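Peer 1: Can you read through this structure? Questions will come right after.
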Amino acid sequence: MASTSLFQSPHLSLKPQNPNPPTKPHFPTTTIKCSSSSSPPQPLVPKPPSPPPPSHHPHHNIRDEARHHNTTHTHHFSAHYVPFNADPSSAASADSESYSLDEIVYRSNSGGLLDVQHDMAALKNYDGKYWRDLFDSRIGKTTWPYGSGVWSKKEWVLPEIDSDDIVSAFEGNSNLFWAERYGKQFLGMNDLWVKHCGISHTGSFKDLGMTVLVSQVNRLRKMNRPVVGVGCASTGDTSAALSAYCASAGIPSIVFLPANRISLAQLVQPIANGAFVLSIDTDFDGCMQLIREVTSELPIYLANSLNSLRLEGQKTAAIEILQQFDWEVPDWVIVPGGNLGNIYAFYKGFHMCKELGLVDRIPRLVCAQAANANPLYLHYKSGWDQEFKPVKANTTFASAIQIGDPVSIDRAVYALKNSNGIVEEATEEELMDAMAQADSTGMFICPHTGVALTALIKLRNKGIIGANDRTVVVSTAHGLKFTQSKIEYHSNDIKDLACRFANPPVQVRADFGSVMDVLKKYLLSTKN
């Protein structure tokens, strides 16, 4: 781990700074004035813009510039941990359970999940238009830390963290593209979109949550809290994100991986980033149990989605979708589900936008699971009535969601119940065929996105999703992480799979006549 010291950030000031947004979003030197009394807020009237900041000093970096132009504000947004699904109205009571985000705690007193609860009353002092304008004003900028898709929503994520403590690769702001040909050719849909969260620093949506978690760890270490490193169990993508952000901050990372169950592309990322990698002869659920036991005994901060800080970053993808549609709400959002934190994160992002007046409704959510690891689907099919039962997850090409005992089951059920949501599943053949079809229209997706597309196909065929419904499929990782499964598919080398859309290379002799014969045959086959 000595190599990680190369990335050690210099000591920075710990002087607390108030994160309130300026009245005029484009000018960070303007002061906010919020009333903390019970009287109704006055209509927001933007102040005249402040003079532009002075030109950049040749020896300043963007952190220096952010520090130089920071303003002291009269109001302070805040957030804290509470038991998941706690009544917000009980937060002020003397006996309510609540923890500072600077405490190292993962479970409530009863052993249940925790959630990050924001001071919604303070946020509601600003109307929906204010927040829309503020978030939109930060897109495409390099101002620290707002160039990040996550930290451009800082007030809704970690409002009290000093910008000096943030560890960011300007993640987020990922592509939302119109899947025109796929939608029209295979589904008869004109308004199908793919949110490509795999176009991110380490190639998956996990970056969105990890920038928040590692930033908070960076803050804790500067406060001399007992944190010697950060650890996670992973099926691949979590370890890649954790190791990259820890390396950037000079923080040791420890990774528990199930032996021989992740792709080489996923394995090499934490190794390259200097993580201490343990390859353990068990599955993800076994790794998760071990890391929970270890972090209860050693001063290693737990980075799995049991830790609700991760979800604060992941929820910003939902807000981005609304931004990219000019704050129009899609009808459906389909998310692959494994440990199930992400489906709740999307719900939380959409719901927060509705509660704070940015939009007037939320989309219906669909959680898509691999049939070989489908505990949520089985629970849904029971009508939510039966007690949840974990399953033994079997091998699936969608390896990142090969989880039989998801940590965030309660969160997922809550999100789906409150969004009139649906759970679907995909067999191995279905998800691989869906991936191949999508790739044939110009995409290059991961198997998990194939699971989500299979769910879309089934709901479309049932008439539940209409031809004109605006639908977003969340692609969680980059296809380049899963090239081996694609090679096997297109080589017709997967046992018990027909590989109906395989496109293997054609072997041909190195002479003009042979090449011409093959080309003519191919061109004739492409005629309608």
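Peer 1: Within the stretch 284-304, identify whether any single residue is open to solvent by less than 10 Å² (accessible area, probe 1.4 Å), out of contact with any Ser or Thr (no Cβ under 8 Å at 6 or more places or on another chain), closer than 21 Å to ASN420 by Cα and of a type in the set (A, V, I, L, M), and answer yes or no.
Peer 2: No, the stretch 284-304 contains no residue that is open to solvent by less than 10 Å² (accessible area, probe 1.4 Å), out of contact with any Ser or Thr (no Cβ under 8 Å at 6 or more places or on another chain), closer than 21 Å to ASN420 by Cα and of a type in the set (A, V, I, L, M).
Peer 1: Tell me which residues, restricted to the stretch 435-444, are without any contact (Cβ under 8 Å) to a residue 60 or more places away in the chain and either of a type in the set (Asp, Glu) or buried (at least 20 other Cβ atoms within 10 Å of the Cβ) (or both). It would help to see each step written out before you state the result.
Peer 2: Step one: of the stretch 435-444, the residues without any contact (Cβ under 8 Å) to a residue 60 or more places away in the chain are 435, 439, 444.
Scanning the stretch 435-444 gives MET435, ASP439.
Peer 1: Which condition does VAL194 not pass, out of (1) aliphatic (A, V, I, L, M); (2) open to solvent by less than 10 Å² (accessible area, probe 1.4 Å); (3) over 15 Å from the mean Cα position of the chain (by Cα), if it passes all the others?
Peer 2: All conditions are met except number (3).
Peer 1: Applying the selection to the stretch 359-378, what residues are of a type outside the set (A, V, I, L, M), in contact (Cβ under 8 Å) with a residue 40 or more places away in the chain and within 21 Å of ALA398 (Cα to Cα)? Spell out how you get there, then give the answer.
Peer 2: First, pick out the residues of the stretch 359-378 that are of a type outside the set (A, V, I, L, M): 360-361, 363-364, 367, 369, 372, 374-375, 377.
Subsequent filtering for residues that are in contact (Cβ under 8 Å) with a residue 40 or more places away in the chain retains 363-364, 367, 369, 372, 374, 377.
Result: CYS367, GLN369, ASN372, ASN374, TYR377.
Peer 1: While we're on this one: Does any residue of the stretch 363-372 turn out to be farther than 25 Å from GLY479 by Cα, of a type outside the set (Phe, Trp, Tyr), surrounded by 16 or more Cβ atoms within 10 Å (Cβ to Cβ) and under 23 Å from the mean Cα position of the chain (by Cα)?
Peer 2: Yes, that holds for at least one residue.
Peer 1: Sticking with this one: Condition (residue is part of a loop (DSSP other than H, G, I, E, B), open to solvent by less than 60 Å² (accessible area, probe 1.4 Å) and either over 26 Å from GLU180 (Cβ atoms) or in contact with a His (Cβ under 7 Å, 6 or more places away or on another chain) (or both)) applied to the stretch 512-520: is it met by at least one residue? Even if it seems obvious, please write down each step before you answer.
Peer 2: Restricting attention to the stretch 512-520, the residues satisfying the condition of being part of a loop (DSSP other than H, G, I, E, B) are none.
No.
Peer 1: Still on this structure, I have one more. Go through (1) in contact with a strand residue (DSSP E or B) (Cβ under 6 Å, 6 or more places away or on another chain); (2) open to solvent by 30 Å² or more (accessible area, probe 1.4 Å); (3) under 16 Å from GLU180 (Cα atoms) for LEU456 and report which single condition fails.
Peer 2: LEU456 satisfies all of (1) in contact with a strand residue (DSSP E or B) (Cβ under 6 Å, 6 or more places away or on another chain); (2) open to solvent by 30 Å² or more (accessible area, probe 1.4 Å); (3) under 16 Å from GLU180 (Cα atoms) except (2).
Peer 1: Taking the stretch 137-167, which residues are touching a helix residue (DSSP H, G or I) at 6+ places or on another chain (Cβ under 9 Å), open to solvent by 60 Å² or more (accessible area, probe 1.4 Å) and closer than 22 Å to CYS197 by Cβ?
Peer 2: ILE139, LYS141, THR142 - these are the residues of the stretch 137-167 that are touching a helix residue (DSSP H, G or I) at 6+ places or on another chain (Cβ under 9 Å), open to solvent by 60 Å² or more (accessible area, probe 1.4 Å) and closer than 22 Å to CYS197 by Cβ.
Peer 1: Select from the stretch 466-494 the residues that are closer than 17 Å to ALA426 by Cα and in a loop (DSSP other than H, G, I, E, B) and list them in ascending order.
Peer 2: THR476, ILE494
The values are calculated or read from the model by the stated rules, or taken from the named source; none is laboratory data. Remember, it's a predicted structure, so these values are computed and weren't measured experimentally. Positions of Cβ are generated from backbone atoms using ideal geometry, with glycine treated the same way; all protein chains shown enter the neighbour counts. With ligands, DNA and RNA removed, areas are computed over all heavy atoms of the protein, side chains included. Shrake-Rupley method; radii C 1.70, N 1.55, O 1.52, S 1.80 Å.
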